[in-house]
Amino acid sequence: MKIWKSLNNNVAVVLDEKGQEKVVMGKGICFKKGAGDTIDEDMIDKTFSLSGAEANSKFQVMIKDVPMEHIALGEEIITEAKIRLGNKMNDMIYISLIDHVHTSIVRFQEGITVKNILLWDIRRFYKDEYQVGLWALELIREKCDVMLPEDEAGFIALHLANAQMDEEKMHNMYEITRVMQEVLNVVKYHFNIVFDEDDVYYYRFITHLKFFAKRLAEKKMYEDDDSDDLWMVIREKYPDAFRCVEKISTFIEKKYSYILSKDEQLYLTIHIERIVNKTSR
C-alpha cells in the first residue's frame, strides 16, 4: 500500500484499487516517509473511508492535529453507537464527535469545564444516545484516566442525534431540543399534566416533535395536502387538544416567524389528544 499523502507520522491518505481515498492510521506508519512510499499494512490499526467529499476533506484536516489515541477513542464510540442505535449516521459524525472528544479532554486537563444547559432535556429526549454518552465517559476514563463530567455525555448524545438526521447539512440540535421543550411546556401547562416518559404515546409524540422542530430550524414549511375536511373533523372532535395547538401555533409564529400548516396542526392535535388521554392529570 502506497502513501498518496502523509498527514503526520501516524496518519496517511492512500488510494484503494478503485482510486478512492482512504485514511489509514497506525503508530509511526509515515515516519520518514512521503508520497509514493510503501506502508507496511501490518502497522495499520484503523482505516477510515468516508463517502462524502466534504466529510473526507474536513476529516483529513481535523486529524492532523488530533492525537491518535483520541481519534481511536472517537471511532470506538461511533462504532458502539451504531451497534446500539441501529441507525445510519452521517459521515460528518467522524469529524464532529472526534473533535469534541479531543477538545473536551484537553479542556478538562486545563481545568475548564463547560456546563450543558440542556442536559436534563437531552436525558429525556435522547435516552438511547445519552446512554451511549455515559458509556463513552467510562471509556474515556478507562483509556485516558480522565473522568469528564456528565454534561459531556449530553453533548455526545446531541452529536449522535444530529448524525442520525441523515442530511448532508449539520443541524442546530440545540435549537431543535429547545423547540421540543417549549412545545412540551405549552402542553403540560395547558392540561396541567405530568408526562409518563415511558409511555409509547409519549415516545411517538417526542419523535413527531423532533421532525417538526427540525423543519422549523431549517425554515421548511410543511406542505398542506388538501386535508381541510379531516382538519375540521379533528378540530371538532378534539376541541381541547386543538385549543392547545392554537397556543403552540401562536407561540411558534411569534417567536420563530414560522406558521404551522393545517396538516401540522392536525397531527399535533392527534398526538396531544392521545398523550393527554394516556396521562394522569
Open item on the list: If I model a spin label as a point 7 Å beyond the Cα along the Cα-Cβ vector, how far apart are those points for LYS188 and GLN20 in nm?
Closed with: 4.6
TODO: Assuming R0 = 25 Å, can you tell me the calculated FRET efficiency for the pair LYS220 and ASN277, based on Cβ-Cβ distance, to the nearest 0.05?
DONE: 0.25
Open item on the list: Just to be sure I understand the model, the point goes 7 Å from the Cα along the line to the Cβ. What's the resulting LYS27 to ARG141 distance in nm?
Closed with: 2.6
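What does the extension gain come out to for GLN131 and ARG84, with contour length at 0.36 nm per residue minus their alpha carbon separation? Before the final figure, lay out each step's value.
Working: separation 47, 0.36 × 47 = 16.92 nm, distance 0.94 nm.
Length difference between fully extended and current span is 16.0 nm.
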Task: For the chain, built as a Gaussian network whose Cα springs stay under 10 Å, the top-fluctuating residue of GLU253, GLU80, GLU182 - done: GLU253
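Normalising by the residue count of the chain, find the relative contact order in percent from Cα pairs under 8 Å and 6+ residues apart.
Working: 368 pairs, mean separation 33.9, N = 281.
For the chain, the relative contact order is 12 percent.
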TODO: Could you point to the label whose value was computed as Cα extents along the principal axes in Å for the structure here, given [x] 75, 41, 30; [y] 61, 41, 34; [z] 69, 52, 40?
DONE: [x]
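Provide the gained length on full extension for the span GLU175 to ILE117, in nm with one decimal, where the gain is 0.36 nm per separating residue minus the Cα-Cα distance. Spell out each step's value before the answer.
On the way: separation 58, 0.36 × 58 = 20.88 nm, distance 1.22 nm.
So the chain would gain 19.7 nm between GLU175 and ILE117.
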Open item on the list: Neighbour counts of other C-beta atoms within 10 Å: give me LYS219, LYS278 arranged from fewest to most.
Closed with: LYS219, LYS278
Open item on the list: Below 14 angstrom from the Cβ of GLN181, what's the summed charge of the other residues (Lys, Arg +1; Asp, Glu -1)?
Closed with: +2
- [ ] At 0.36 nm per residue, minus the direct Cα-Cα distance, what do SER257 and ARG243 gain on full extension? Give it in nm, one decimal, please.
- [x] 3.1 nm
TODO: Please find the FRET efficiency linking ARG204 to MET43, where r is the Cβ-Cβ separation and R0 is fixed at 45 Å, and quote it to the nearest 0.05.
DONE: 0.35
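Each value in this text was obtained by applying a stated rule to the coordinates, not by laboratory testing. Remember, predicted model here, so these are calculated numbers, not experimental data. Cβ: placed from backbone, ideal geometry, glycine included. Neighbour counts: every protein chain shown.
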